[in-house]
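Heads up: the structure comes next, in structure tokens.
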Amino acid sequence: MDRRPCHGPYPGTVSEKVVPEVVGGVTGPQQVNPHAVRPAGRVGRVWRQRASEVVRSASPPTLALGTRLGGDEAVSQRQARAVIDLALRVGEAMLSTGASAADCVASVLRLMTAYGVRSAHIDVTFTSITVSIHRGLHEDPLSVMRVIPGRAPDYSRLEGVQGLLDDIVASAEDGDEAMPIDVARARLTRVLESPHPYQRWVVTVGFALLAVGVVMLFGAAPGMWVAAALSAALVDRVQRVLYTTGVAAFFTQAVSAAVPTTIALGLHWLASVDMPVPGVRSPSLVVISGIVVLLAGLGVMGAAQDALDGYFVTAGARGMEVLLMTAGIAVGVAVVIGTANRFGVDMEVSPFVALGGNPLLGVVGAMLVALGFCLSTYTGPRTTLVSMAVAAGGWVVFEVGLALGLGGPEATAVASAPVGVAAYAVHRRLRMPELAVGTAGIVSMLPGLAVYRAIYLILSDSAAVVGNAVLHFVTAVSTGMALAAGLSIGGFLARRRLGLDRAAQRARRRSRGRYVGD
């Protein structure tokens, strides 16, 4: 037995306690020091603490607001001005040649990052682009705006600008200094001032081929091919003359839409007096082909793409332009048809006019549509051939969708998705403009028939018929959105599969408002 001192029952007293020795790891009763024992916390407080740990987040915010520290203090004012000037020139060139707002912002950010400017802010509207550089707390920021003079699809120049950007970024990623700004500016000037790959009359031929391809999609005979080609060529020349004389775009669209409608009305009148033109069974196809030709020149895909990418201001302005120009088409067609009705000439929509005729003829028509579109937008020969192959594949998918019972908008969405995949794949592998290949691949699916039927039905006096016209307009809008959505989803899936270079990934995230550190 061991005798050990221990505290007595009263404070300050010590007594001896006989403590038995440990036998087999078991001890006898012991007296515990009351000063060494602390009462347990409240049960409710413990459970509240555990509940807060389960609910409360410990990770940083997904979107960091106002957390960027410092700026580009190491960038001199002279260097910053030179980079901003080059960035503005590149952004203006891309927007003017048909690029979307998201592609423009991402490309400009890639350019500025290659030259060491990482605190740049890009703001794009429908008519201007603004580039700002934050140079820290002790240096004045720089902000310059440039107005976009006009927009006209020119994919040969767009391809040249994108090639210049790729070379600048590649030179910076190799570990060396990026291409000198003076050299890059001189090369950009050469790209923008270089002549078109072919003369202006080739563009007219391109519009004619586009119209021929459209009527072939409906299974038209060779006589309709000639009528549609002559109509589209005349429309192109009329637009050229009106543009040079300074006529507003709305009235230009109206007069241009009246041209194929007048030709179709003349063909219908000849058939009504027993003098039909050989091979012309449905004069309405001439109007439909003219509408598709006019719609192809609008920024339908650009407006929808900007909306899907989150650039709502630019998308709203582009959408307003599309609506106004489409209204001009409707006015031109309606004036001619209404005038003809006054004189007793009633040109109805033929009941057999529908897509999905001969599959082989449809594929050839889609390829001609892509060829005509590429020629009308000054696309290079190599990109034109690839675009024709992509358009043929997209049309095959569209025909399969119709055969499986899908509606028009659903089939176009399904068909445009692989077009978007192919467009980005050839852009990544072959350095071709993604916008040119993607747009050329889906022009054949533009809703020209729905627009024409809606315009024709609006001229009727019956309220029920006007209701059907509204349905056709809704179908046309749905088809346009389906085309843009399918193209965007296809491009997104292709980027996830094929990937982007580091500069492109960082630029795309920052262009969507998400800051990613280096």
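Ligands, DNA and RNA left out, the 1.4 Å accessible surface of the stretch 80-124 is 40% carbon and sulfur atoms. Only protein heavy atoms count here; on that basis, with a 1.4 Å probe, Val161 has an accessible area of about 0 Å². Value of Rg to Rh for the stretch 210-315, rounded to two decimals, is 1.09; Kirkwood radius and Rg both from alpha-carbon coordinates. For the pair Val183 and Thr127, a Förster radius of 25 Å applied to the C-beta separation gives a FRET efficiency near 0.25, rounded to the nearest 0.05. For the stretch 88-147, the solvent-accessible area of protein heavy atoms averages 37 Å² per residue (probe radius 1.4 Å; ligands and nucleic acids excluded). Once the gyration tensor of the Cα atoms in the stretch 348-452 is diagonalised, the equivalent ellipsoid follows with semi-axes of 25, 15, 11 Å, ordered largest first. The length gained by stretching the chain between Leu230 and Ala389 to full extension, at 0.36 nm per residue less their Cα-Cα distance, is 54.7 nm.
Under the simplified labelling scheme, the Val144-Arg48 pair shows an inter-label distance of 6.0 nm, with each label point 7 Å from Cα along Cα→Cβ.
The values are calculated or read from the model by the stated rules, or taken from the named source; none is laboratory data. Just so it is clear, the structure is predicted and the values come from calculations on it, not from any experiment. Cβ coordinates were reconstructed from backbone atoms using ideal geometry, including for glycine residues, and neighbour counts include every protein chain displayed. Ligands, DNA and RNA are stripped out before the accessible areas are found, and what is left, the full protein with its side chains, is counted by its heavy atoms. Shrake-Rupley method; radii C 1.70, N 1.55, O 1.52, S 1.80 Å.
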